[in-house]
Structures are given as structure tokens and as C-alpha cells.
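As C-alpha cells, the structure follows; a few thoughts come after it.
The values are calculated or read from the model by the stated rules, or taken from the named source; none is laboratory data. The model shown is predicted, which means the values in this text are computed figures rather than measured ones. FYI the Cβ positions are ideal-geometry reconstructions off the backbone, even for glycines, and counts take in every protein chain you see. Accessible surface is based on the protein model in full, side chains and every heavy atom, while ligands, DNA and RNA are left aside. Shrake-Rupley method; radii C 1.70, N 1.55, O 1.52, S 1.80 Å.
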Amino acid sequence: MLQKIDHIGIAVHSIAQARIFYEQTLGLHCERIEEVPSQQVRTAFFSLGETKIELLEPMSEDGPITKFLQRQGEGVHHIAYRSNNTAAQLEKAKKAGCRLINTTPITGAGGKQIGFLHPKSTHGVLTEICSTQHPPE
Ligand code: ZN
């Protein structure tokens, strides 16, 4: 079951550059910067109430964020919904005919279980499902 908007992911060329806007203009606080090698991405999280802003900076020339930036430049990359069970949520979407990027959860920033739904099935928005729940042993 979905519980809230967990975060909004924004692709940027440089976290060092982009954080100046988020910190100085918007007054948000950068909680942490974390590298996610599996996605070839460096992330920076800013909290605002229950929702976070996740800046995504590419760590390599051929990762998914590099491709996104080449295709459409900086901007909103994905919306992430918090679920109490990512695996079940992905299964439900699959049954409903949704095209999945991850059919089973992968480990994302903060050790969260995450999975992406393809924008072709979500009216143009790359959609992430995430949960803090650990994968079944
Ligand atoms: Zn995300």
C-alpha cells in the first residue's frame, strides 16, 4: 500500500552547483550525500516536512542519469512513492499490465528497497516505489 510521496528526484549536472540554490535560495538543509554505485549516481537529500528532494548527479559517462541529462537536460527525473512493501507493489503494478523497469526490488540510497515503473506506463513520469523494509531473507 502506498503511504506518501517519499521524494522527488531531480537530475543535475553537479550537486556542488545545484545545492547552492537549494540551500541558499530555498533554505533547505542537505541531510546527506550518498553514492549509489549500482545506479552510477551520487545523490543528495534535502528534507522538507515528510518529503525529500533527491538531487541526482551522474558518477559515470554511461549511467542512466548521464543519458537523461543528454536527452533532456536538468529537471525532474522521477517521483518516488513510499510503500510498506515494494515487492508487493511491483507485483500489483505488473498484474495491472504496467511495464516495469525492475520486476523485483533493488537496493537504493539509504538501503531502501526500490523499483521503477516505466514512464510509458505511467503517463510520462518515471515512478519509483520505495520502502525501508528489508528484502525477505
Ligand atoms: Zn529516488
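Worth pointing out:
- Thr122 fulfils the conditions (1) among the β-branched types (Val, Ile, Thr); (2) at pLDDT below 95; (3) away from the ligand (no atom under 12 Å from the Cβ) except for a single criterion, (2).
- Where Ala88 falls short, out of the listed (1) surrounded by fewer than 18 Cβ atoms within 10 Å (Cβ to Cβ); (2) modelled with pLDDT of 95 or more; (3) out of contact with any Ser or Thr (no Cβ under 8 Å at 6 or more places or on another chain); (4) farther than 20 Å from Thr132 by Cβ: (4)
- Among the residues of the range 1-56, those that are of a type in the set (D, E, K, R) and touching a Ser or Thr at 6+ places or on another chain (Cβ under 8 Å) comprise Lys4, Asp6, Glu31, Glu34, Glu35, Glu54.
- Taken together, Gly9, Gly49, Gly75 contain a single residue that is on the phi > 0 side of the Ramachandran plot and in contact (Cβ under 8 Å) with a residue 60 or more places away in the chain, which is Gly75.
- Close pairs (8 angstrom Cβ cut-off, 6 or more residues apart or separate chains): open to solvent by less than 80 Å² (accessible area, probe 1.4 Å) in the range 23-44, among the polar types (S, T, N, Q) anywhere: Leu28/Ser47; Glu34/Thr43; Val36/Thr43; Gln40/Ser60; Gln40/Thr66
- Checked against (1) within 11 Å of the ligand (Cβ to nearest atom); (2) in contact with a helix residue (DSSP H, G or I) (Cβ under 7 Å, 6 or more places away or on another chain), Ile8 passes all but a single condition, namely (2).
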